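Q: Dropping a structure here in structure tokens format, bear with me for questions.
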Amino acid sequence: MTATRVAVVASDGSARTGRVHTGRGSYRIPAFMPVGTRGAVKALDSADLDGLGVEVVLANTYHLMLRPGVEEIAALGGIHRFTGWSGHALTDSGGYQVHSLHPVVDDDGVEFTSVYDGAKLHLTPEGAVEAQGRIGADIQMVLDVCTTLPAEPGALRQAVERTAVWAGRARRHHRTFVDRPEGQALFGIVQGGTDPVLRVESARRTVEIGFDGYGIGGLSVGEPREAMLEALAATVPELPPDLPRYLMGVGDPVGLVEAIGLGIDQFDCVAPTRMARHGSILTGRGRLNLRNAAHTRDDTPLDESCGCSTCLRWSKGYLRHLLLVGEPTAWRLLSIHNLAQLLLLMEQARSAIAAGRFESFRSRVAAVWAP
Ligand SMILES: [Zn+2]
């Protein structure tokens, strides 16, 4: 019995829509999950996310374990009470952030230096399960080994090996440590870079251990899009159809829609909110640079057809002014809009799949965002 289950309502080719049922409730797929790096999606609060219709938020275990600390969050009632969020919370294992700190990786785990006080810290598959358990995530991710692409075949092979061994340790520890295993799901992670053969092997070994859902990691790290899609196409058929499939770190419109077409259910990415803070705006007609002087006296909204609270009330000229003078309000209003656009894209994908016209939707998105 797994802690999650996918109820597919409609599929079109490999694309599918429906709901993921969890210990907390359910969320619609395909789903985009905004990233609440340090307990908040930057510049926003949980009420903003409610207003946007967000159903799942990702929180970074690495940042939360360093500050304020998992015991502090547990003392404050866990991630939901701590952040005032009643939707789903998914935590990553911390492995991806630690990877960027050039950690020492051995069979036991990873050792890294805290960016805050220089302390030496150790993260193991078991420790990552405990940290996410104490934080109170609805969905945990296993600690995996990330590789930078392009990678030597030997490095990729070793990452797949260690990820599989660590996944087994995480699964065993999760069963004994977590009080309510049915209420706190654990997802495995498939690695293997852009090598389809390694991806298949990693997927099979991860599925053999048995998880509540499957993340696909180590992609969208600078490789050509075709290579990413080829790796995905090799991976997805190996994953159980009744469990969620999560492509980690992808958030550009074309990447999202292409991956949905291959059968991916959920995504996370910091890009839409980071872009918003730099004045790079997503619209139904492509990207708009709000810093452009052409918008100085523009009284129209960011996107005429967007129903977000920012577009209903404020003009490009006003938002551009706030952005240029560095008012934090600009970050908030522009982040709301960019997230609204990605959530709208997910809504459009769900409708297109349900109506059996996903292919025409996919080519329309590709045409809008063509370089
Ligand atoms: Zn808007």
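The values are calculated or read from the model by the stated rules, or taken from the named source; none is laboratory data. What you are looking at is a predicted structure, and each value in this text was computed from that prediction instead of being measured. All Cβ positions, even for glycine, are placed from backbone atoms using ideal geometry, and neighbour counts span all protein chains on display.
Q: Which condition from (1) assigned to a helix (DSSP H, G or I); (2) over 13 Å from Gly215 (Cα atoms); (3) not basic (Lys, Arg) is the one that Thr148 breaks?
A: (1)
Q: Another question, if that's okay. So Leu143 ticks every box in (1) touching a Pro at 6+ places or on another chain (Cβ under 6 Å); (2) under 17 Å from Gly218 (Cβ atoms); (3) modelled with pLDDT under 95; (4) not acidic (Asp, Glu) but one. Which box is left unticked?
A: The single condition Leu143 does not satisfy is (3).
Q: A follow-up question, please. Take the residues in the stretch 267-310 that are within 14 Å of the ligand (Cβ to nearest atom), out of contact with any Pro (no Cβ under 8 Å at 6 or more places or on another chain) and in a helix (DSSP H, G or I), then tell me which one is farthest from Met248 (Cα to Cα).
A: That would be Ser309.
Q: For the stretch 200-258, which residues satisfy the criterion of being on the phi > 0 side of the Ramachandran plot and surrounded by fewer than 18 Cβ atoms within 10 Å (Cβ to Cβ)?
A: Answer for the stretch 200-258, where residues must be on the phi > 0 side of the Ramachandran plot and surrounded by fewer than 18 Cβ atoms within 10 Å (Cβ to Cβ): Gly210, Gly222.
Q: (1) under 25 Å from Pro34 (Cα atoms); (2) surrounded by 14 or more Cβ atoms within 10 Å (Cβ to Cβ): which one isn't true of Ser100, the others all being true?
A: So the condition that Ser100 fails would be (2).
Q: Of all residues being assigned to a helix (DSSP H, G or I) and free of Cβ contacts under 8 Å to residues at least 12 places away in the same chain in the stretch 331-371, which is nearest to the ligand (Cβ to nearest atom)? Just the residue, please. Working first, answer last.
A: Pass one, the stretch 331-371, residues assigned to a helix (DSSP H, G or I): 331-354, 358-368.
Narrowing the set further to residues that are free of Cβ contacts under 8 Å to residues at least 12 places away in the same chain leaves 347, 351, 360, 363-364, 367.
Details: Glu347: 14, Ser351: 19, Ser360: 24, Ser363: 24, Arg364: 19, Ala367: 21 Å.
Restricting to residues being assigned to a helix (DSSP H, G or I) and free of Cβ contacts under 8 Å to residues at least 12 places away in the same chain, the top hit is Glu347.
Q: Can you find a residue in the stretch 195-204 that is under 19 Å from the mean Cα position of the chain (by Cα) and polar (S, T, N, Q)?
A: no
Q: Let me ask something else. Does the stretch 233-240 contain at least one residue that is part of a loop (DSSP other than H, G, I, E, B), of a type outside the set (Gly, Ala, Ser), away from the ligand (no atom under 16 Å from the Cβ) and within 19 Å of Glu55 (Cβ to Cβ)?
A: So in the stretch 233-240, the residues part of a loop (DSSP other than H, G, I, E, B) come out as 239-240.
Of the ones still in play, those that are also of a type outside the set (Gly, Ala, Ser) are 239-240.
This time we only want the ones that are away from the ligand (no atom under 16 Å from the Cβ), so: 239-240.
From the residues that got through so far, the ones that are within 19 Å of Glu55 (Cβ to Cβ) too are none.
No: zero hits.
Q: Please enumerate the residues belonging to the stretch 257-286 that are farther than 16 Å from Gly326 by Cα and without any contact (Cβ under 8 Å) to a residue 24 or more places away in the chain. Even if it seems obvious, please write down each step before you answer.
A: Filtering the stretch 257-286 down to residues farther than 16 Å from Gly326 by Cα leaves 257-272, 281-286.
If the condition is that a residue be farther than 16 Å from Gly326 by Cα and without any contact (Cβ under 8 Å) to a residue 24 or more places away in the chain, then Ala271 is the only one that fits.
Q: Enumerate the pairs (first residue in the stretch 288-310 and free of Cβ contacts under 8 Å to residues at least 12 places away in the same chain; second residue anywhere and within 14 Å of the ligand (Cβ to nearest atom) and hydrophobic (A, V, I, L, M, F, W, C)) with beta-carbon separation below 9 Å, excluding pairs fewer than 6 apart on the same chain, so at least 6 apart or on different chains.
A: Asn289/Ile281; Glu304/Cys311
Q: Residue check: is Arg313 basic (Lys, Arg) and either within 11 Å of the ligand (Cβ to nearest atom) or under 26 Å from Ala40 (Cβ atoms) (or both)? Spell out how you get there, then give the answer.
A: Values: basic (Lys, Arg): yes; either within 11 Å of the ligand (Cβ to nearest atom) or under 26 Å from Ala40 (Cβ atoms) (or both): yes.
Criteria met by Arg313.
Q: Let me ask something additional. Does the stretch 317-330 contain any residue that is within 24 Å of Phe361 (Cβ to Cβ) and either away from the ligand (no atom under 15 Å from the Cβ) or in contact (Cβ under 8 Å) with a residue 40 or more places away in the chain (or both)?
A: Residues of the stretch 317-330 within 24 Å of Phe361 (Cβ to Cβ): none.
Checked against the condition, which is being within 24 Å of Phe361 (Cβ to Cβ) and either away from the ligand (no atom under 15 Å from the Cβ) or in contact (Cβ under 8 Å) with a residue 40 or more places away in the chain (or both), the stretch 317-330 yields no hits at all.
For (1) surrounded by 22 or more Cβ atoms within 10 Å (Cβ to Cβ); (2) farther than 23 Å from Pro34 by Cα; (3) at pLDDT 90 or above, each residue gets a yes or a no:
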position	(1), (2), (3)
Phe82	no, no, yes
His88	yes, no, yes
Asp107	no, yes, yes
Ala131	yes, no, yes
Ile139	yes, no, yes
